[in-house]
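Everything below concerns the one structure shown next.
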Amino acid sequence: MPTPQPTDRLQFREMTDTDLDNMTALLGNPDVMRFYPAPKSREEAASWILWNEENYATHGYGLWIIETHDGEFIGDCGLTWQLVNGTQKLEVGYHVRSDLHGQGYATEAAAACRDYARDHLEATELIAIIHPDNRASERVAEKIGMHRVDDDRGGNIPVRTVLSMQL
């Protein structure tokens, strides 16, 4: 399956083993991973890449590398299936380098993934699962049309805010 359409500043591509250094730096950054249980190690970043390669093989999509049109690594963004209160739901997720926070990259990428879910997957709902204290990530979800619908009490943190939108 194709990746989301390029945006004014970003393009998408599948994650591969060649992204290990960038993904280790991204997922190992305490600022990026502030609302996760802990930053990820190099081995965990390698597992993250493998998980996405498996998602591409199984579903045709996953989290993609987001980069500028010149190839500068920005982060990852894409679509994955997540268990929310016992039900599988399609989630848009995003991580952007901490030195680029606040510049609209996450919103731009998430909007492209929202459109991809609607136009290519014919999804009828899209969610975002966000730590209750992560207001910046919640604002990204709101900017692409989501609103708070529930709290999920599963996963690695006690409560996760769930935002949703109908497509």
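Within region 1-26, being farther than 16 Å from Ala109 by Cβ and either in contact with a His (Cβ under 9 Å, 6 or more places away or on another chain) or not charged (D, E, K, R) (or both) holds for Met1, Thr16, Thr18, Leu20, Thr24, Ala25.
On the given criteria, is Leu126 closer than 26 Å to Asp17 by Cα, out of contact with any Pro (no Cβ under 7 Å at 6 or more places or on another chain) and buried (at least 16 other Cβ atoms within 10 Å of the Cβ)? For Leu126, the condition - closer than 26 Å to Asp17 by Cα, out of contact with any Pro (no Cβ under 7 Å at 6 or more places or on another chain) and buried (at least 16 other Cβ atoms within 10 Å of the Cβ) - is not met.
On the basis of being surrounded by fewer than 19 Cβ atoms within 10 Å (Cβ to Cβ) and under 16 Å from the mean Cα position of the chain (by Cα), does Ser137 make the cut? When the stated conditions are applied, Ser137 does not pass them.
The rows are residues; the columns are (1) in contact with a helix residue (DSSP H, G or I) (Cβ under 9 Å, 6 or more places away or on another chain); (2) polar (S, T, N, Q).
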| position | (1), (2) |
| --- | --- |
| Gln11 | no, yes |
| Met23 | yes, no |
| Pro30 | yes, no |
| Arg42 | yes, no |
| Ala45 | yes, no |
| His69 | no, no |
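Taking (1) in a loop (DSSP other than H, G, I, E, B); (2) charged (D, E, K, R); (3) over 28 Å from Leu121 (Cα atoms) in turn, Asp8 satisfies each apart from (3). Restricting Thr16, Thr24 to residues that are of a type in the set (Ser, Thr, Tyr), touching a Lys or Arg at 6+ places or on another chain (Cβ under 9 Å) and farther than 22 Å from Arg118 by Cβ narrows the list to Thr24. Scanning region 17-41 for residues that are surrounded by 14 or more Cβ atoms within 10 Å (Cβ to Cβ), part of a helix (DSSP H, G or I) and charged (D, E, K, R) gives a single hit, Asp19. One residue stands out in region 19-78 among those that are in contact (Cβ under 8 Å) with a residue 40 or more places away in the chain and among the hydroxyl-bearing types (Ser, Thr, Tyr): the one that is nearest to Val92 (Cα to Cα), namely Tyr61.
No value in this document is a laboratory result; all are computed from the given coordinates. These figures come from a predicted structure and were not determined experimentally. Glycine gets a Cβ as well: all are built from the backbone with ideal geometry, and neighbour counts include every protein chain shown.
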